[in-house]
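Below is one structure, written out as structure tokens, with a few remarks after it.
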Amino acid sequence: MIEISHLTKRYGPLTAVDDISFTVEPGQVLGFLGPNGAGKSTTMKMITGFLAPTSGTIRVCGHDVAHEPLAAKACMGYLPEGAPSYSEMTVRAFLEFIADVRGLTGERRRSRLDDVISRLALAGVLEQVIETLSKGFRRRVGLAQALLHDPQVLILDEPTDGLDPNQKHEVRTLINAMSKDKIIVISTHILEEVDAVCNRAIIIAGGRILADDTPQALASRAPSGRLDDVFRQITMGIKPSHSKQEAAHA
Ligand SMILES: Nc1ncnc2c1ncn2[C@@H]1O[C@H](COP(=O)(O)OP(=O)(O)OP(=O)(O)O)[C@@H](O)[C@H]1O
Ligand SMILES: [Mg+2]
């Protein structure tokens with residue numbers, strides 16, 4: 001379970017995430033939707049312990065991310081925005097390194113490496129240096145490292161960004177296949193993806209949660225029955241929130 005309570009992140013006068021609370025349970029594939037700058041990546045960075053909140057608490061698999069970071073991180077896989085990795089390493093060396101970090105040994109290590117290499121179709125690029133890979137392959141390597149220890153919780157920041165249509169389909173199929181017993185949170189700008197993989201969607205803008213429902217229920221809020229119309233209706237005109245003092249000077 002992910003339990004987020006009154007989570008806030010301020011960057012100077014900008015409140016990027018503004019007092020949000022929600023829980024996510026096993027079996028849920030939660031789509032995080034919102035315009036550029038809404039606070040999606042910032043929230044994901046805080047859930048995964050990469051960024052400390054200004055205030056609020058996060059528990060993942062029963063562990064407080066601030067106080068038991070190692071236990072919380074052990075049960076999570078994270079694909080950060082832009083899928084950064086060690087660009088001078090080969091794909092094989094990078095995945096072996098992640099296997100070391102995750103403490104995988106013996107037969108399980110071999111089978112997990114084989115599994116992600118085949119799922120993300122990386123066999124042909126294992127000896128290639130990561131910085132020479134195309135954007136989509138770099139993202140696939142990022143997904144492979146997130147899945148390597150078969151975590152209970154997956155936080156994937158725009159997992160299909162830059163993938164070709166075949167790989168988009170593969171990754172969506174993969175997310176569907178993993179969704180039964182895991183918690184998966186994805187951010188995306190592709191609203192059809194929300195229909196394809198998510199059973200819950202949160203629309204966030206200006207650091208606040210503006211809607212939280214099933215994709216079907218959300219879509220039915222527009223006369224057209226289209227999620228993109230609902231998205232536009234809900235998020236148009238929402239500005240990032242600045243402190244009162246800053247707003248007075250603006
Ligand atoms: N390190 C930082 N310092 C200052 N402001 C930041 C920093 N990181 C993010 N922000 C600001 O916080 C806000 C939320 O950014 P965030 O990256 O979470 O948005 P997002 O919803 O992921 O957007 P996108 O769809 O473009 O990925 C933005 O206004 C951004 O400029
Ligand atoms: Mg982002």
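Annotation: of all residues in the stretch 177-207 being within 16 Å of ligand 2 (Cβ to nearest atom) and of a type outside the set (A, V, I, L, M), the one that is surrounded by the fewest Cβ atoms within 10 Å (Cβ to Cβ) is His189. In the condition set (1) more than 16 Å from ligand 2 (Cβ to nearest atom); (2) not in a loop (DSSP other than H, G, I, E, B), Leu30 is compliant with all but (1).
Applying the set (1) out of contact with any Asp or Glu (no Cβ under 8 Å at 6 or more places or on another chain); (2) among the acidic types (Asp, Glu); (3) within 16 Å of ligand 2 (Cβ to nearest atom) to Glu81 leaves exactly one unmet item: (1). Only a single item in (1) in contact with a Gly (Cβ under 6 Å, 6 or more places away or on another chain); (2) more than 25 Å from Thr48 (Cα to Cα) is not met by Ala146, and it is number (2). Of all residues in the stretch 162-176, at least one satisfies being within 16 Å of ligand 1 (Cβ to nearest atom), at pLDDT below 90 and either crowded, with 17+ Cβ neighbours inside 10 Å or not in a helix (DSSP H, G or I) (or both).
Which of the following residues is touching a Phe, Trp or Tyr at 6+ places or on another chain (Cβ under 6 Å) and more than 10 Å from ligand 1 (Cβ to nearest atom): Thr48, Thr8?
Numbers: Thr8 fails: touching a Phe, Trp or Tyr at 6+ places or on another chain (Cβ under 6 Å).
From the options Thr48, Thr8, the qualifying one is Thr48.
Any residue at all in the stretch 48-59 that is within 30 Å of Asp229 (Cα to Cα) and touching a strand residue (DSSP E or B) at 6+ places or on another chain (Cβ under 6 Å)? For the stretch 48-59, residues within 30 Å of Asp229 (Cα to Cα) and touching a strand residue (DSSP E or B) at 6+ places or on another chain (Cβ under 6 Å): absent. From Phe97, Phe137, grab the single residue that is modelled with pLDDT of 95 or more and of a type in the set (Phe, Trp, Tyr). So the residue among Phe97, Phe137 that is modelled with pLDDT of 95 or more and of a type in the set (Phe, Trp, Tyr) is Phe97. Scoring Leu14 on the criteria (1) touching a Phe, Trp or Tyr at 6+ places or on another chain (Cβ under 8 Å); (2) in contact (Cβ under 8 Å) with a residue 40 or more places away in the chain; (3) within 16 Å of ligand 1 (Cβ to nearest atom) leaves a single failure, condition (1).
Cβ separations smaller than 7 Å between residues 6+ apart or across chains give the following pairs from the stretch 21-48 residues that are surrounded by fewer than 21 Cβ atoms within 10 Å (Cβ to Cβ) to residues that are part of a helix (DSSP H, G or I): Pro35/Thr235.
Could you tell me whether the stretch 47-56 includes any residue that is away from ligand 2 (no atom under 13 Å from the Cβ), in a helix (DSSP H, G or I) and more than 25 Å from Val194 (Cα to Cα)? Taking every residue of the stretch 47-56 in turn, none turns out to be away from ligand 2 (no atom under 13 Å from the Cβ), in a helix (DSSP H, G or I) and more than 25 Å from Val194 (Cα to Cα).
Listed here are the residues, each with its yes/no results for (1) farther than 24 Å from Ala217 by Cβ; (2) of a type outside the set (Phe, Trp, Tyr); (3) in a strand (DSSP E or B); (4) over 16 Å from the mean Cα position of the chain (by Cα).
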position: His6; (1), (2), (3), (4): yes, yes, yes, yes
position: Thr23; (1), (2), (3), (4): no, yes, yes, no
position: Gly37; (1), (2), (3), (4): yes, yes, no, no
position: Ser41; (1), (2), (3), (4): yes, yes, no, no
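Each residue in the stretch 94-108 was checked for being over 24 Å from the mean Cα position of the chain (by Cα) and of a type outside the set (Asp, Glu), and 3 of them qualify.
State yes or no: is Ser111 closer than 17 Å to Phe137 by Cα and either surrounded by fewer than 19 Cβ atoms within 10 Å (Cβ to Cβ) or in contact with a strand residue (DSSP E or B) (Cβ under 7 Å, 6 or more places away or on another chain) (or both)? No, not satisfied.
Could you tell me whether the stretch 83-106 includes any residue that is in contact with a strand residue (DSSP E or B) (Cβ under 7 Å, 6 or more places away or on another chain), outside any loop (DSSP other than H, G, I, E, B) and crowded, with 16+ Cβ neighbours inside 10 Å? Yes, the stretch 83-106 has at least one match.
The values are calculated or read from the model by the stated rules, or taken from the named source; none is laboratory data. Source: prediction; values computed, not measured. Cβ: placed from backbone, ideal geometry, glycine included. Neighbour counts: every protein chain shown.
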